[in-house]
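Bear in mind these aren't lab numbers, they're just calculated from the coordinates by the rules spelled out. Values in this document were obtained by computation on a predicted structure and should not be read as measured data. Methodologically, a virtual Cβ is constructed for each residue, glycine included, from the backbone with ideal geometry; neighbour enumeration extends over all protein chains shown.
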Amino acid sequence: MSKAHIIKAIQAVRPDPCPLPVVPDFEAGDRPVREVFGSVAAQSGSRVVRAEDFVGLATAVRTIYHKEIKIATPLRAIQSDIDLQQASPADLNGIDVAVLPAQLGVAENGAVWVTEADCVHRVLPFITQHLVLVLPEDRIVRNMHEAYAQIKIDDTGFGVFIAGPSKTADIEQSLVIGAQGARSLTIILT
Amino acid sequence: MKEHATKAAAFIKDEARTDWHDESLWFVRSRRDKAAHGIPEWEQLRELASQIKDHTLSHLDEYLEAFEAKAIENGVTVHWAADAAAHNRIVHGILQEHNARRIVKSKSMLTEECGLNEYLEAQGIEVVDTDLGERIIQLKEEPPSHIVMPAIHLKKEEVGELFHQKLQTRKGATDPQYLTEAARQHLRQSFLEADAAITGVNFAIAETGGVVVCTNEGNADMGTHLAPLQIHCMGIEKILPKAEHLGVFTRLLARSATGQPSTIFTSHHHKAKDGGAMHIVIVDNGRTTQLGRPDFRNSLKCIRCGACMNTCPIYRRSGGHSYDSTVPGPIGSILTPGIDLKKYSGLPFASTLCGSCSDVCPVKIDIHEQLYKWRQIIAEEGLLPTAKKQSMVMAGKVLSRPGWYKAAGKSARWVTRWLPRPLIYTPLNTWGKARELPEAPKESFQEWYRKNRSAS
């Protein structure tokens, strides 16, 4: 009965109707989105590289990290060291690098949109020690308004904007990379 | 309850520490400025955010019902709690139903407000706070002193000693990198073993029935995606009409909070994971009462960024604990009196009314004006402390009688000029506690005017 009680309480006191404003299209800056994305992402501690500078995605990942790493990925271009369909949380906890496809990048904050459909296990982009996101270069938009216009947040049960490696500054405001989630984020632009 | 001023007095006894606290927060405020100035449309965004919230509050019942209907359609179980006790009972009930005994929790000021941890622990349920700052203060058995940086009042030496005792880190270790790594290892175990995860909610979307949770550490995600049961607790004011409005609020939140262009993780939860269960608890706990106060309902627009704390000269120099309220600082000082005016009647006075809080607020809450309005109400209800009441009555008399006013001015000028220091800087002279009184002029303005101008 709490619901009826709360709704009634709101109806008894709610303010006179206010109009819902329209969010305008804000003026674009002069710099190309790709360039802005790269510099903002780098400031947030992400590494942004171009796939074309490497011979294939697998080489890129093994060059950036180490050769002996344990990789988990649903991408066909890279050999996964673990069967993601069968993996238990404990298996996922042992992964060094997860390589996942990403849907969209946002220039103003270096964030990348990843959905449940991309990561097989929702926890994968967080539990992995390091995260690599593969993003088509032409899928970078200017700001969060454009981003929300392009994605459908309820397309899958879970989706996340990831804007860098996991971090904290909870001890004396000292920035520490690698709090509870991935210790590094590499974005490979294709 | 001890007055804010009494607790603040204890805080500022350690001058070096007060300066350090002040500077730490000012540093965050400066970062906020830099981030805000990088967005040409910043002021427009603030205005939009404020208007979207105005609109939403004026249709709150409809949006809450739409949100619930959509969430149910998504397979989510929705609960409604009128107050803190109901909220705690509901959460406990869900946990019992799922036989959950080990809980990981990410930062939620709402569960803090409701005293959920204490309630669950009394029922024999283990609750581990997983945000690093929250874990630190949980281990230290203290409440948070800031809503975004819960352990901002602690020095790394104190965290080092605490972790040495509780997490067996090296004695004397103070390196934040090392200490954070120790917490990471310790918390990872908790995540893997948890039966349920509880989070707060930054935004709830009426259009889609989903909730958005923002963190930098990724702790909320480690919890919700590993545990079979996820519970999201939200106040009724967290609703936004549509997904597109997230564009406005995500642009404002992190920039206002810490000066980052975005929180590292902005997670959108709509359905339970395969084989999992998802519950949302919608809580009133005094919010509808606040909605019914036209002078104070604006406070419900708050998105809990903490910018007003970081900029407040009183907060920075008195620390969050001196407010004795879940949400401290300027916003806490207008929210908390709405819950218990008698207990928190001192908080609206913990301000210089400089207005800096209102200037930085991303949703344009008129914080300092509300502080002033609360003061009127507190005086009308007779809740002023005796000393303040008497001095106000006295001031009222003096200011309304020109003769008294002139005499008072004259004697004040004489007193400050001729009386020896110990007679002036007495405990009654609160202004003079840490400050020098201004040098008194020889004559009043009126005397000067009569001499120099009135002849013409």
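For chymotrypsin sites (Phe, Trp or Tyr not before Pro), no site in segment B:229-307 is both called loop by DSSP and has at most 10 other Cβ atoms within 10 Å.
With a simple spin-label model that places each label point 7 Å from the Cα along the Cα-to-Cβ direction, the separation between B:Glu380 and B:Ala69 comes to 3.9 nm.
So if each residue of separation counts as 0.36 nm, and I subtract the Cα-Cα distance between B:Arg170 and B:Asp359, what length gain in nm does that give? Here the segment from B:Arg170 to B:Asp359 would lengthen by 63.6 nm. Taking springs between alpha-carbon atoms closer than 10 angstrom, which of A:Leu104, A:Leu20, A:Leu135 fluctuates most in the Gaussian network model of chain A? Looking only at A:Leu104, A:Leu20, A:Leu135, the largest GNM fluctuation is found for A:Leu20. Can you pull out the trypsin sites (Lys or Arg not before Pro) in segment B:351-455 that DSSP calls coil and that have at most 14 other Cβ atoms within 10 Å? Here the trypsin sites (Lys or Arg not before Pro) that fit, given the DSSP loop and packing criteria, are B:Arg435, B:Lys442, B:Arg453. Under conditions of 4 °C and 1.567 mPa s, segment A:28-189 yields 80 µm² s⁻¹ as its translational diffusion coefficient, taking Rh as the Kirkwood radius over Cα pairs in the Stokes-Einstein equation. In this structure, the pairs whose alpha-carbon distance is over 26 Å, taken from B:Lys13/B:Lys140; B:Lys364/B:Lys388; B:Lys105/B:Lys301; B:Lys155/B:Lys373, are B:Lys364/B:Lys388; B:Lys155/B:Lys373.
For chain B, the Cβ-based charge dipole about the Cα centre amounts to some 2440 debye (Lys, Arg positive; Asp, Glu negative; other atoms uncharged).
Cross-link partners for A:Lys67 among the aspartates and glutamates, with Cα-Cα distance under 12 Å and sequence neighbours closer than 8 places in the same chain left out: A:Asp96. Overall, segment B:222-282 carries a charge dipole of about 100 debye about its Cα centre when +1 sits on the Cβ of Lys and Arg and -1 on the Cβ of Asp and Glu, all other atoms neutral.
Sequence-distant contacts, meaning Cα pairs under 8 Å at least 6 residues apart, place the relative contact order of segment B:349-408 at 20 percent. The slack in the chain from A:Glu35 to A:Arg76, taken as 0.36 nm per residue of separation less the alpha-carbon distance, amounts to 11.9 nm. Note on B:Tyr372/B:Glu157: beta-carbon distance plugged into 1/(1 + (r/R0)^6) with R0 of 30 Å gives a FRET efficiency of 0.15.
The lysines whose alpha-carbon is closer than 18 Å to the alpha-carbon of B:Lys271, local same-chain residues fewer than 8 away aside, are A:Lys152, B:Lys70, B:Lys242.
Inter-label distance, B:Glu118 to A:Ile69: 4.6 nm, where each label sits 7 Å from its Cα along the C-beta direction. Note on B:Glu23/B:Glu436: beta-carbon distance plugged into 1/(1 + (r/R0)^6) with R0 of 22 Å gives a FRET efficiency of 0.40. When the GluC sites (Glu not before Pro) in segment A:11-94 are filtered for DSSP coil states and for at most 13 other beta-carbon atoms within 10 Å of their beta-carbon, the remaining sites are A:Glu27, A:Glu68.
Placing a label point 7 Å from the Cα of A:Asp96 along the Cα-to-Cβ direction, the residues of segment A:48-69 whose backbone N falls under 15 Å of that point are A:58-69.
Setting aside same-chain residues fewer than 8 positions from B:Lys406, which lysines have a Cα under 20 Å from its Cα? The reachable lysines, counting only those whose Cα sits under 20 Å from B:Lys406, are B:Lys397, B:Lys442, B:Lys451.
Does the protein assembly as shown classify as rounded, prolate or oblate by the C-alpha gyration tensor (a ≥ b ≥ c root eigenvalues; a/c under 1.5 gives rounded; else a/b over b/c gives prolate, otherwise oblate)? Because a/c hits 1.5 or more and a/b exceeds b/c, the protein assembly as shown counts as prolate.
Dividing the helix sum by the residues of the protein assembly as shown, where each DSSP H run of 4 or more adds -39500 (n - 2.57), gives a mean residue ellipticity at 222 nm of -13000 deg cm²/dmol.
Overall form of chain B: prolate. Here a/c, set by the Cα gyration tensor axes a ≥ b ≥ c, is 1.5 or more, and a/b is the larger of a/b and b/c.
Placing R0 at 41 angstrom, the Cβ-Cβ distance between B:Glu193 and A:Leu20 gives a FRET efficiency of 0.35 after rounding to 0.05.
Shape of segment B:293-380 from the C-alpha gyration tensor: rounded (a/c under 1.5, with a ≥ b ≥ c the square roots of its eigenvalues).
Placing a label point 7 Å from the Cα of B:Met394 along the Cα-to-Cβ direction, the residues of segment B:415-429 with a backbone N closer than 17 Å are B:415-416, B:423-429.
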